[in-house]
Structures are given as structure tokens and as C-alpha cells.
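Read through the structure below, which is laid out as C-alpha cells, and then see the notes.
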Amino acid sequence: MRFPLSLCFLLVSLGVCAQSPAARATAGSSSVIGTWRLLSAGNVYKDGRFEPFAEYGPHPVGYLMYDVTGHMCVSLANPKHPHWANQEKPTDAEKIESFRVMLAYCGTYEVQEQEHRIIHRPEMSSWPHYVGTDQVRPYRLEGNRLILSGHEMAPGDEASDYQIVWERVEK
């Protein structure tokens, strides 16, 4: 019984030591580690008006997850996305629409607490131009909400201010 326990400890220790420094959560990460449910996502205009991103609709669904190893995943989607007429053979138009109404990426992250920034470093993404880039997300915490906001240029759109609001998922 002692040998398997020692072997497990050794394997876990090796796994922790083998991680690259970029893939470890930083000291400032503790406030964001966990799972967050999407509440809203859209553009914010100078007059204070909020307009939901058209592709995700007024009541988008999604999750954002940060773990202690320094990895993250995010997904945003439109819950009103129509089902394919034939689930085994979607048309090209149905595939294009599915791509249009969902964004997902995963990779590593870094919290720069003093600058109020989270940097996502996608390793895979439904938007291929995100892979290998630093996606800087200004953030603030308000109670159990994480608010990512800033200025960004989405593919095919004009530059705009955006705000994405997440709520911490509790047990």
C-alpha cells in the first residue's frame, strides 16, 4: 500500500514541476479562479447605452473558467441558434450560422492585478487569428461579478467599446 501512495505522490510532484511558468496561475489569480456564467455581452456607447452583441443575442449563454494551473477556457453563444434540419448533414449555410453565433477559445492566462488586466493566451480558438496572441482584457470585480471591458476590433466590425459581464458559479 505504501508503494502506490509514494508513486502517486511522485507523479503528482513531477507533473507540477513540469509545468511551464507561463502555465501557472499568478498570485493575483486567486480572485478569478473558478467558473463564471455569462450574464451579458455587448457594446457600450458614449451615451451609456448598452447594445447586446447581435451574434449572441440579448440573453447569451457561456462560461469562462480559470484554473489554478494557469489555464482558461471561454465560450459565448446564442441560445436561440436554430437546429440543423438534418443533424447528420448540415448545409453549408447552417455551418456558417453555427460559426457566426458562437465563440470559444482555450489556453493560458495571466492576471496583472495592479494594471487590472487579464491576459488570455489562446492555444486553440474558433477564431484562428486569436491563436498565439495576447488577448488583453481589462477587468474589475464587483461582488460576485467579473466585468471584462475595453476597446476591441472584432472581425468585420468597426472598433468599439465592449463589456462582458460574468457571474461566479457557486456550488
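Here are some notes:
- A simple spin-label model places the labels of LYS171 and CYS106 2.5 nm from each other, with each point 7 Å out along Cα-to-Cβ.
- Relative contact order computed over region 23-168 (Cα-Cα under 8 Å; 6+ residues apart), in percent: 24 percent
- Set of lysines with alpha-carbon distance to LYS89 below 25 Å, sequence-local pairs under 8 removed: LYS80
- Three-way shape label, region 23-168, alpha-carbon gyration tensor, a/c 1.5: prolate
Throughout, read-outs are computed from the coordinates displayed, never taken from laboratory work. Note that the structure is a prediction, hence the values are computed from the model and not measured. Quick reminder, even Gly has a Cβ in these numbers, built from the backbone with ideal geometry, and neighbours come from all protein chains shown.
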